[in-house]
Amino acid sequence: MNSVPPFVPEHPLIEHSDQFDQLAIVGVSSRTAGRRLRDTLFVEEPDYSTILTKLKSEGKQSVVLIATCERFDFVLGQFEREDIDYYQNIIAQEANIDLESLRKQSYQHTGVDALRHLFAVASSLDSLIVGEPQILGQVKECHRVSRDLGLTDSFLDSVLNAGLVAAKRVRTETTIAQQPISLASSALQVARGIHGDLARCTVSLIGSGEVGELLCQEFNSVGIGNLVITHPKIGRSQTASFRLGGKVCPWDQLDDLISQSDIILSAYGGGDHILTVTNVGVALRKRKRKPVFFIDTTAARDIALGVNDLSGAYFYNLEDLENVAKQGKVHREAAMMAAWKVLGDEMQAFIRSKVERQAVPAIAVIRKHFESLRSQVLLETEENADVATRLLINRLLHNPQVVLKEIAREDPEGHVLFEQLLYRFFGIETALHCRGKEDGGLAENCESQENDGKED
């Protein structure tokens, strides 16, 4: 399955470079993962250090693991066909599913497609909430950890760094970063409409998804009465509590928590309805119908749709909040187009720079050769500038002249193309400078100039 978001505008064709043939990404995200995979891979905390240490011990090189609560991507700077299976196996083991099931829910990108995917991930264009700010720091940290372990090389470092540069441009030059702010503003707007003063409200976070935590931060920033966090894995609750503040509630006390909460942010995403018509109905009766604002931040839908029909329940999902946002769909799509345009420009510039660097070794050899000829000529002519420069020109043109004559004899059409390439090399705007009936053609004219400048 393709992990690229459905809204990807056209961009001018990016020139191909075989330097990127060895770039690949093998991974899975919450966009492609089925229920069982989400239940494990994006709920359990992966043991990153053990995975990376294993890669190092098995001699793997040029690899970065980008693992968040939304994705699990291996970025490879060099790979063979068997490496795809190797990394898919690691993901399957972490998700506790068989390899064949994992393959149906994962993706693999190579070449420029892998570069585009990485740039989109770093820029949060592949996130559930486009524009969310956490992913940029997460990619940077994942790169640092792999680099510090000696698992990267100069090529992969340059790819990751280029992705981070592109992501920063997207955040500063487009309005894409305003989308989470608009979403949070919408949530606060609705919450105030329901409860008025939020300083007296208890906000509960169920699960620990990035979007839920993002909204928690916004509620915290305006001042709330209490924040409570619960998760089936107590360690996840404690980790989220460390980041966000608030207290931890045991998972087996979820029903009591519902009745004590004024705002509930559901961010578990396990696939089953955690908040059902039954348990929410019981909680509302305990509250004597005092309203509760429910926000489901997951793609898997933690909250049953029927909850919205209960008296006292106000149920919104992310799409509902987006509809509240003033910018609306047209503005979001314009921001997406601008962001993808920036990414396309950055990819083009990065690829071109890599291609141009291929010419550097040849230029260095030619420069060294020219400098050697210059030194010889100055020595032979006792630094007589007029004689030295004529002699130097003759020697520089000798081999091109010989090769041009050979090509003219063997391949007349190739001879013309080679001439044009020479003009381009030396910045000659028109072939008439050294070609035509009046001067006898390039080879003859250059030969004449050579004879004029030769020493006895």
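The values are calculated or read from the model by the stated rules, or taken from the named source; none is laboratory data. In this text, all values refer to a predicted model and were calculated from it rather than measured experimentally. Glycine gets a Cβ as well: all are built from the backbone with ideal geometry, and neighbour counts include every protein chain shown.
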Item to check | Total residues in region 166-210, condition assigned to a loop (DSSP other than H, G, I, E, B) and at pLDDT below 85 | outcome: 5
Checklist entry - When region 152-163 is examined, which residues are found to be touching a helix residue (DSSP H, G or I) at 6+ places or on another chain (Cβ under 6 Å) and either modelled with pLDDT under 90 or not β-branched (Val, Ile, Thr) (or both)? => result LEU160, ALA162, GLY163
Next on the checklist: Suppose we keep only residues that are more than 11 Å from ALA299 (Cα to Cα) and assigned to a helix (DSSP H, G or I) within region 29-43. Which one would you say is modelled with the highest pLDDT?
Outcome noted: LEU37
Next on the checklist: Just to be sure before I move on: is VAL165 outside the structural domain of ASP296 (by TED's automatic domain parsing), surrounded by fewer than 18 Cβ atoms within 10 Å (Cβ to Cβ) and of a type in the set (A, V, I, L, M, F, W, C) in the structure I sent?
Outcome noted: yes
Next on the checklist: Just the residues that are touching a strand residue (DSSP E or B) at 6+ places or on another chain (Cβ under 8 Å), of a type in the set (A, V, I, L, M, F, W, C) and modelled with pLDDT under 85, please, taken from region 44-93.
Outcome noted: none
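Table: residues versus (1) surrounded by 22 or more Cβ atoms within 10 Å (Cβ to Cβ); (2) over 26 Å from the mean Cα position of the chain (by Cα); (3) aliphatic (A, V, I, L, M); (4) not assigned by TED's automatic domain parsing to the domain that holds LEU257.
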{"residue": "VAL190", "(1), (2), (3), (4)": "no, yes, yes, no"}
{"residue": "GLY193", "(1), (2), (3), (4)": "no, yes, no, no"}
{"residue": "THR202", "(1), (2), (3), (4)": "no, yes, no, no"}
{"residue": "LYS233", "(1), (2), (3), (4)": "no, yes, no, no"}
{"residue": "ALA240", "(1), (2), (3), (4)": "yes, no, yes, no"}
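State all residues of region 143-162 that are in a helix (DSSP H, G or I) and either buried (at least 21 other Cβ atoms within 10 Å of the Cβ) or aliphatic (A, V, I, L, M) (or both); if no residue qualifies, say none.
HIS143, VAL145, SER146, LEU156, VAL159, LEU160, ALA162 - these are the residues of region 143-162 that are in a helix (DSSP H, G or I) and either buried (at least 21 other Cβ atoms within 10 Å of the Cβ) or aliphatic (A, V, I, L, M) (or both).
Does VAL112 satisfy the condition of being surrounded by fewer than 22 Cβ atoms within 10 Å (Cβ to Cβ), touching a residue at least 60 places away in the same chain (Cβ under 8 Å) and under 14 Å from the mean Cα position of the chain (by Cα)? It would help to see each step written out before you state the result.
Numbers: surrounded by fewer than 22 Cβ atoms within 10 Å (Cβ to Cβ): yes; touching a residue at least 60 places away in the same chain (Cβ under 8 Å): yes; under 14 Å from the mean Cα position of the chain (by Cα): yes.
In short, yes.
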Checklist entry - Do we find a residue being in a loop (DSSP other than H, G, I, E, B), under 33 Å from the mean Cα position of the chain (by Cα), exposed (fewer than 13 other Cβ atoms within 10 Å of the Cβ) and at pLDDT below 75 anywhere in region 361-373? => result no
Next on the checklist: When you scan region 288-301, do you find a residue that is touching a Lys or Arg at 6+ places or on another chain (Cβ under 7 Å), assigned by TED's automatic domain parsing to the domain that holds SER186 and closer than 23 Å to GLU319 by Cα, even just one?
Outcome noted: yes
Checklist entry - Where residues in region 348-360 are among the small types (Gly, Ala, Ser) and surrounded by 11 or more Cβ atoms within 10 Å (Cβ to Cβ), which of them is modelled with the highest pLDDT? => result ALA349
Item to check | Subset tally (residues that are crowded, with 23+ Cβ neighbours inside 10 Å and over 30 Å from SER29 (Cα atoms)) for region 248-279 | outcome: 1
